[in-house]
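Student: Can you keep this structure in mind? I'll have questions shortly.
Every number here is computed from the coordinates shown, using simple stated rules; none is lab data. This is a predicted model, so every value here is computed, not measured. Here Cβ is always computed from backbone atoms with ideal geometry, including for glycine, and neighbour counts include all displayed protein chains.
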Amino acid sequence: MMKLLTASTAITLAGTGFALAGTMDDIKARGHIQCGVTQGVPGFSNPNDAGDWTGFDVDICRAVAAAVLSDADAVRYTPLSNTERFTALQSGEVDILSRTTTRTLNRDTALGLNFAPVVFYDGQGFMVRESSGITSAMELDGTTVCVSAGSTSELNVADYFTANNMTYEPVRFEKADEVLAAYDAGRCDVYTSDLSGLAARRLVMQNPAEHVMLKETISKEPLAPAVRHGDDAWFDIVTWTVYALIAAEELGVTAANIDQMKAEGSPDVQRLLGSSETGTGEWVGLDNDWATRAIAAGGNYGELWARHLGPDTPLKLARGLNELYTNGGIQYAMPIK
Amino acid sequence: MTAPVLPPRQIFWTRRRVKSLVVQAVFLGGLAWLFYFLFANTTANLQRQGIASGFGFLSQRAGFDVSLSFLPFTSDSSYGRAFWVAVVNALVLSALGIVLATVLGFGLGLARVSKNWLIARLATVYIEIFRNIPLLLQLFFWYFAILRQLPGPKESLVLADLVILNNRGLYMPRPQVDQSGWVIMVCFAAGLCMALVMTLRARQQRLKTGHGPKCWFWWPIGLFALPLTAYVLSGASLSFVIPELRGFNYRGGMLMLPEMLAALLGLGFYISAAIGEIVRSGIQGVDRGQVEAASALGLGRRDIMRLVVLPQAMRIIIPPLATQYLSLAKNTSLAAAIAFPEIISIVAGTTLTQTGQALEAITLAMLFYMSVSLSIAAVMNFLNYRVLRHGN
């Protein structure tokens, strides 16, 4: 709430020309990127034992920082609640919102945001106790549902129950931790959120094995990093950094083989990594090595996935729609040329 | 010896009256300019960033549900309706909290000055515990204490098949009358008015002459006999909707949500500790001679407290009591943390995020708290004025 007030005040007090164009200049002047993240979702953005932020969303910010400032560590993180996140971005408190945020028309337009490419195709699901015997979302009539206030989940669940002629009682918390604690304490029959979020939060429950996810997915939740509307130069950089990570996976460029690929790769690889005559740096306003640094920071899109979300992580998520288009998914980088 | 020094002739603009007027005018002008600047600058910034502004969103469909609403509300209702739902919820919580805190607080205050060692010490311990722990922590304590201790719906604690307690709330039968129920309500209201009028008249007469007619019997007549007669004569049928377990939860009946219960207990206990101290200081602030004089007149201990000490203590008690009521009303905002659907949760939370109109939502929330605070202050000032003027 405090953050919200300071951010609102920033909008009120800021002088003319504020936070519109010139995000890049601001970043260069201050020497780091301000990255808005969650208040702690394992796999996406969560402080580790040493107190450093880690996760899939965090690595997106690190890749951008590597591309822009040649230093993946030049990022400062601002944990934001659902309610605070958009105001913090609008007011310039953060430069990029990499925070499991669903891209919607309303947010893209009325909230004055621009969304970079989708980094995670998610959908909303339900979690219940195995002992409840519920196996399908159609059996949820009359249940109590714990949900995060100010999320798309809150709206989807209302639509879903109305559409299926079912009733429910919502219990709405602003903080994800409190939603979890209340569900875990038995306040609700059902916990609803994005499937990835459910998987992440199940890890920190008292007894994760007691809970099961229902098979239904009731919505489309394309999660994408967001920046302020109106600063096209900065928007381009974030957009193409994400594409560069995906393109690197398409082309087989990894953090390990990047030097070798830069020397010997195909023309597409050479263009991506800026080793050929036709570098892409000038077009995005950076030097030709921008994509190399972004990829070297944490690996390509697939590597980020495997490290934070994939089968070898506690979350054990299947890539599903997030596979490359060549592997049956829908992830696809726009041509980098 | 020096000649007396005459004060120098004052120039027009150094005279105190003029000077203070000028200073005030400049200050007011500056303030007005500041507000204008804030408003104009905000509007310009929002417009340039392409962020929607204005209160038009209040008529849009809300699209979310709330767990507790005294007004009809569905996800098809508007954001404006959601605002009023939040207002009513916050007011109900404040009102119940004020009643609980006042009753507990006066009891505590009296207990603190009690001659009984045990009672006085217990009251002290209570006050020191509840007033020294932050309210937010207390709210979490009550909420999770309720949730963790109580069983799920299927293993509910059931009292005589009527009152059901589980971690989804406290269920009670809901009285229901058929169409002619309004007759009973009208009789009840009429009975209440009658009893009030008779009591006030008796009081006036007593103040004037020293003797007033007995009037206590008007209360049972007005509140019970009259509506009951109406009930029997009108042939209305009164029934109770009894909560029953259907599917996952109990349905029907009256439901007190755990969020409501925890918020009420947290706020009530916290503020009652402060009120207890205010009442104690009020009682101890009454001159010792008053008590001695009263007992010299042969009044008993109860009568001394009731007729002599408390009426005078009220003069000391009411102003700080008003502060506590204000604080309770504003502290209802903390109940958002335990999912109680009030202003912060619905307006400055969901509405703000779903519409993205932070400034408007925060403005609405601020307007609400300011109106409530000013209203409470007005009522308490009026009470204070009465106490100072009339002594009760």
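Student: Please identify every one of the trypsin sites (Lys or Arg not before Pro) in the range B:195-261 that sits in a loop by DSSP and has no more than 13 other beta carbons within 10 Å of its own beta carbon.
Tutor: For trypsin sites (Lys or Arg not before Pro) across the range B:195-261 that sit outside H, G, I, E and B with at most 13 neighbouring Cβ atoms in 10 Å, the list reads B:Lys214.
Student: Which aspartates and glutamates have a Cα less than 13 Å from the Cα of A:Lys337, not counting those fewer than 8 places away in the same chain?
Tutor: Result set, ordered by chain and number: A:Asp268, A:Glu277, A:Glu282.
Student: Could you please state, rounded to a whole Å, how far the C-alpha centre of the range A:318-336 is from the C-alpha centre of the range B:14-32?
Tutor: 69 Å
Student: Let me ask you something else. Given axes a ≥ b ≥ c from the Cα gyration tensor, I'd like to know whether the range A:223-337 is rounded (a/c under 1.5), prolate (a/b larger than b/c) or oblate. List each step's numbers first, then the result.
Tutor: Numbers: a/c = 1.92, a/b = 1.26, b/c = 1.52.
In terms of gyration-tensor shape, oblate.
Student: Stretch B:Lys19-B:Trp117 to full length: gain in nm at 0.36 nm per residue minus the Cα-Cα span? Mind showing how you got there, number by number?
Tutor: Details: separation 98, 0.36 × 98 = 35.28 nm, distance 6.09 nm.
Here the segment from B:Lys19 to B:Trp117 would lengthen by 29.2 nm.
Student: Then there is this: Which of the pairs A:Lys215/B:Lys154; A:Lys215/A:Lys316; A:Lys316/B:Lys154 have their Cα atoms more than 22 Å apart in this structure?
Tutor: Where the Cα-Cα span goes over 22 Å, the pairs concerned are A:Lys215/B:Lys154; A:Lys316/B:Lys154.
Student: Whole-Hz ³J(HN,Hα) for each residue in the range B:331-337, computed from phi via Karplus 6.51 cos²θ - 1.76 cosθ + 1.60 with θ = phi - 60°, x for glycine and proline: what do you get?
Tutor: Couplings: 6, 4, 4, 5, 5, 4, 5 Hz.
Student: Along the Cα-to-Cβ line of B:Met254, 7 Å from the Cα, sits a label point; which residues in the range B:48-71 have backbone N less than 20 Å from it?
Tutor: Residues passing the 20 Å test: B:67-71.
Student: If you don't mind, another one. For the range B:64-202, what does the alpha-carbon gyration tensor say about shape, rounded, prolate or oblate, given a ≥ b ≥ c as the root eigenvalues, a/c under 1.5 as rounded, and a/b over b/c as prolate?
Tutor: Since a/c reaches 1.5 but b/c is at least a/b, the shape of the range B:64-202 is classed as oblate.
Student: Continuing with the same structure: For a quick check: with amide H placed at 1.01 Å from N, whose amide H comes under 5 Å from A:Thr167's, ignoring anything fewer than 5 positions away on the same chain?
Tutor: Long-range HN contacts for A:Thr167: A:Gly142.
Student: Another question, then. With each pseudo-label sitting 7 Å past Cα toward Cβ, what's the A:Val212-B:Trp33 distance in nm, one decimal?
Tutor: Using points 7 Å along Cα→Cβ, the separation is 7.1 nm.
Student: Once you have the Cα-Cα distance between B:Thr199 and B:Trp219, take 0.36 nm times their residue separation minus that, and quote the gain in nm to one decimal.
Tutor: Going from the current span to full extension adds 6.3 nm.
Student: Same structure again: With a 10 Å Cβ neighbour count serving as the proxy for reagent exposure, in which order, fewest first, do A:Lys220, A:Lys337 appear?
Tutor: A:Lys337, A:Lys220
Student: Full-extension gain between A:Ala255 and A:Asp268, please, as 0.36 nm times their residue separation minus the C-alpha to C-alpha distance. Each step should come with its number before you reach the end.
Tutor: On the way: separation 13, 0.36 × 13 = 4.68 nm, distance 1.70 nm.
Extra length available between A:Ala255 and A:Asp268 comes to 3.0 nm.
Student: If you average the alpha carbon positions of the range B:225-269 and of the range B:305-344, how far apart do those two centres end up, in angstrom?
Tutor: Centre-to-centre (Cα) distance: 27 Å.
Student: Would you kindly derive the ³J(HN,Hα) couplings of the range A:59-71 from the backbone phi angles with the Karplus curve 6.51 cos²θ - 1.76 cosθ + 1.60 (θ = phi - 60°), listing them in order in whole Hz, with x for Gly and Pro?
Tutor: Working through the residues one at a time gives 5, 5, 4, 5, 5, 5, 4, 5, 5, 8, 10, 6, 8 Hz.
Student: If you don't mind, there's one more thing I want to ask. So if I take the centroid of the Cα atoms in the range A:107-167 and the same for the range B:61-85, what is the distance between those two points in Å?
Tutor: 18 Å
Student: Answer with one residue from B:Ala230, B:Phe39, B:Val66: the one whose Cα lies farthest towards the positive end of the charge dipole of chain B, charges on Cβ with Lys, Arg +1 and Asp, Glu -1.
Tutor: B:Phe39
Student: Label points 7 Å out from Cα along the Cβ direction at B:Val88 and B:Trp182: separation in nm?
Tutor: 1.8 nm
Student: A further question on this structure: Taking a ≥ b ≥ c as the square roots of the eigenvalues of the Cα gyration tensor of the range B:39-120, is the shape rounded (a/c under 1.5), prolate (a/b larger than b/c) or oblate?
Tutor: Oblate, because a/c is 1.5 or more while a/b does not exceed b/c.
Student: Go ahead and run the numbers for FRET between A:Ala318 and A:Asp232, Cβ-Cβ distance against an R0 of 22 Å, rounding to 0.05.
Tutor: The value I calculate is 0.05.
Student: Just grab the label-to-label distance for A:Asp52 and B:Thr209, each label 7 Å out from Cα along the Cβ direction, in nm (one decimal).
Tutor: That separation, rounded to one decimal, is 9.1 nm.
Student: Once the Cβ-Cβ distance between B:Phe70 and B:Leu233 is put in as r, and R0 is 25 Å, what FRET efficiency do you end up with, to the nearest 0.05?
Tutor: 0.20
Student: Please report A:His32, A:His308 as a ranked list, fewest other C-beta atoms within 10 angstrom at the top and most at the bottom. Kindly include the intermediate steps, with their values, before the conclusion.
Tutor: Numbers: A:His32 16, A:His308 24.
Starting with the residue having the fewest Cβ neighbours, the order is A:His32, A:His308.
Student: Can you return the aspartates and glutamates within cross-link range of A:Lys28? Criterion is Cα-Cα under 13 Å, with same-chain partners fewer than 8 residues away left out.
Tutor: Partners found: A:Asp71, A:Asp95.
Student: Continuing with the same structure: Where both residues lie in the protein assembly as shown, what percent of DSSP beta bridges are antiparallel, nearest 5?
Tutor: Around 70 percent of the beta bridges assigned by DSSP in the protein assembly as shown are antiparallel ones.
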